[in-house]
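The next block holds one structure in the form of structure tokens; read it before the comments.
The values are calculated or read from the model by the stated rules, or taken from the named source; none is laboratory data. What you are looking at is a predicted structure, and each value in this text was computed from that prediction instead of being measured. Cβ sites come from the backbone with ideal geometry, for glycine too, and all protein chains shown count toward neighbours.
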Amino acid sequence: MKKKPLTLDEIDHSIIRELQRNGRESYKNIARKLNVSDGTVRLRTERMIREGYLRISASVNPLFFGDTLTAMIGITLSIPANRALMNRVSSLTAVQSVINVTGRYDLILEVFVQSRKDMHRFLVEELASISEITSTESFIYLEAMNKWVEFKV
């Protein structure tokens with residue numbers, strides 16, 4: 001049986017807006033604000049999570065900590081970017097996201113590390129271990145507005 005594609009309506013959008021304001025808000029409070037039942041909020045939220053459309057997580061301001069570094073890294077590959085390679089790169093410890101892009105680079109990574117030493121290790125050991133990578137260019141964040149990352153402990 002073919003699965004019905006996920007379509008979102010205004011209630012779904014409103015639930016998402018409320019969760020973006022406060023991911024810890026109770027379904028009951030969201031339901032009261034939207035004038036729907038808490039069961040509706042719970043079921044719709046669970047459906048969006050199950051379908052891979054929504055994720056609720058804790059994020060940190062990467063520039064709050066004095067020694068951490070956040071960077072974008074442009075990557076040039078010897079082969080066309082593909083899902084398997086993107087999965088390998090995304091499994092590296094510091095990687096927040098991997099994006100297949102058009103333009104000068106084949107992939108853009110966002111990374112978050114605890115120190116300059118960790119950035120060095122990431123670049124010269126982890127990233128360099130992927131033979132399909134022919135070159136990289138790093139862009140260290142100096143300041144950012146509305147930037148949040150996962151703090152991988």
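Of everything in region 12-24 that's of a type outside the set (Lys, Arg) and surrounded by fewer than 15 Cβ atoms within 10 Å (Cβ to Cβ), which residue is nearest to Glu51 (Cα to Cα)?
Out of the qualifying residues, it is His13.
For Ala94, state whether it is touching a helix residue (DSSP H, G or I) at 6+ places or on another chain (Cβ under 9 Å), of a type outside the set (Lys, Arg) and either within 22 Å of Glu150 (Cα to Cα) or in the same structural domain as Ser115 (by TED's automatic domain parsing) (or both).
In short, yes.
Identify all residues within region 15-44 that are part of a helix (DSSP H, G or I) and under 22 Å from Trp148 (Cα atoms); write none if there are none.
Ile15, Ile16, Arg17, Glu18, Leu19, Gln20, Arg21, listed by residue number.
Looking only at region 81-94, filter to residues that are in contact (Cβ under 8 Å) with a residue 12 or more places away in the chain and over 18 Å from Leu123 (Cβ atoms); which one of those is surrounded by the most Cβ atoms within 10 Å (Cβ to Cβ)?
The selected residue is Ala81.
For region 75-107, give me the residue count where each residue is among the small types (Gly, Ala, Ser) and in contact with a Phe, Trp or Tyr (Cβ under 7 Å, 6 or more places away or on another chain).
Of the residues in that region, 1 qualify.
Can you tell which of Ser97, Ser59, Ser115, Ser78 is in contact with an Asp or Glu (Cβ under 7 Å, 6 or more places away or on another chain) and without any contact (Cβ under 8 Å) to a residue 24 or more places away in the chain?
Criteria check complete, one pass: Ser97.
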